[in-house]
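Okay, so here's the structure we're looking at.
The values are calculated or read from the model by the stated rules, or taken from the named source; none is laboratory data. Everything numeric here is computed off the predicted structure, so don't read it as measured data. Here the Cβ positions follow ideal geometry from the backbone for every residue, glycine too, while neighbour counts run over all protein chains shown.
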Amino acid sequence: MMETNDDLKMSLTEHLIELRKRLTNALIALGVGFLVCYYFKDWLFAVITRPLTDALPKSSYLIYTGLTQAFFTYMKVAFFSSLILTSPFIFYQVWKFISPALLPEEKKYVVPFVLSSTLLFLGGVLFGYFVVLPPAFEFFVSFNNTYLRAMISFNEYLSLFIKFLLGFGLSFQLPILIFFLAKLGIVNDKILTKNRKYAILLMFVAAAILTPSPDALSQVLMAIPLLFLYEISIFVAKFAARKKAATGDHDDSEAT
């Protein structure tokens with residue numbers, strides 16, 4: 001009994017050492033990425049503000065309202081840019097930590113999961129940046145006239161920019177979420193098909209909440225990819241159910 005406890009304690013210690021190693025690697029990568037991104041902060045600033053500056057009059061510019069605000073806003077730009085830049089390496093460190101605990105059947109899903117979730121997230125971010133943000137900012141800037149002048153804080157804009165694109169990136173994870181829910185038996189393609197009309201309503205409500213502007217065009221532009229992803233999720237749920245059934249049949253045959 002004592003032997004087993006010692007083995008368990010050693011195993012726990014090894015896991016903590018491995019966790020520290022993976023966290024250290026991720027933090028070092030994040031730190032290096034931060035330094036690189038801070039060096040290119042002016043270029044990143046131009047990329048981040050382009051959807052807004054294209055909508056503003058040519059003589060317009062962004063402002064900062066506190067002595068240290070510009071410095072810390074640039075730090076925030078560098079940090080989030082570094083997070084995106086180093087995310088594949090961070091995902092790899094997560095995989096290296098959890099892979100010993102996974103079954104061989106589960107390990108084969110790791111690479112497709114990381115790849116598909118990364119591509120979907122980036123796809124959502126790029127869609128929001130290139131398709132939805134420009135008309136949304138055009139709408140807001142349209143109130144700029146002889147009597148009203150927009151004086152936009154970069155810190156305020158950056159917070160809106162990050163929240164909006166993060167919302168798009170996370171909403172594009174819908175097929176991944178449905179896959180795991182189907183694997184757990186919580187949903188299936190029949191449930192999704194039956195409740196499609198309610199899903200459409202919820203997606204338009206979500207689009208109205210997530211889009212920064214109240215104009216119908218921006219909301220429709222966000223709802224369309226969500227509807228498309230929902231239809232993909234139905235096929236994903238069907239695929240997951242088939243894989244689960246095939247695995248169950250295989251386990252039953254091995255048991256007999």
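Of Leu202, Leu160, all but one fail to be free of Cβ contacts under 8 Å to residues at least 12 places away in the same chain and either among the basic types (Lys, Arg) or more than 21 Å from Ser117 (Cα to Cα) (or both); the exception is Leu202. For segment 57-72, taking the residues that are surrounded by 12 or more Cβ atoms within 10 Å (Cβ to Cβ) and of a type outside the set (Phe, Trp, Tyr), the one that is farthest from Ala46 (Cα to Cα) is identified as Gln69. In segment 144-157, the residue that is surrounded by the fewest Cβ atoms within 10 Å (Cβ to Cβ) out of those that are in contact (Cβ under 8 Å) with a residue 60 or more places away in the chain and part of a loop (DSSP other than H, G, I, E, B) is Met151. Among residues of segment 114-131 that are more than 22 Å from Leu160 (Cβ to Cβ) and of a type in the set (Val, Ile, Thr), none has a beta-carbon under 9 Å from a residue that is assigned to a helix (DSSP H, G or I) and modelled with pLDDT of 85 or more at least six positions away or on a different chain. Mind checking whether some residue in segment 94-106 is surrounded by fewer than 16 Cβ atoms within 10 Å (Cβ to Cβ) and under 17 Å from the mean Cα position of the chain (by Cα)? The answer is yes, given that some residue of segment 94-106 is surrounded by fewer than 16 Cβ atoms within 10 Å (Cβ to Cβ) and under 17 Å from the mean Cα position of the chain (by Cα).
Filtering segment 13-70 to residues that are in a helix (DSSP H, G or I) and of a type in the set (D, E, K, R) leaves Glu14, Glu18, Arg20, Lys21, Arg22, Lys41, Asp42, Arg50.
Okay, residues lined up against (1) assigned to a helix (DSSP H, G or I); (2) at pLDDT 80 or above:
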| position | (1), (2) |
| --- | --- |
| Ile162 | yes, yes |
| Gly185 | no, yes |
| Ile224 | yes, yes |
| Ala245 | yes, no |
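Between Phe180, Phe228, the distinction of being aromatic (Phe, Trp, Tyr), at pLDDT below 85 and on the phi < 0 side of the Ramachandran plot belongs to Phe180 only.
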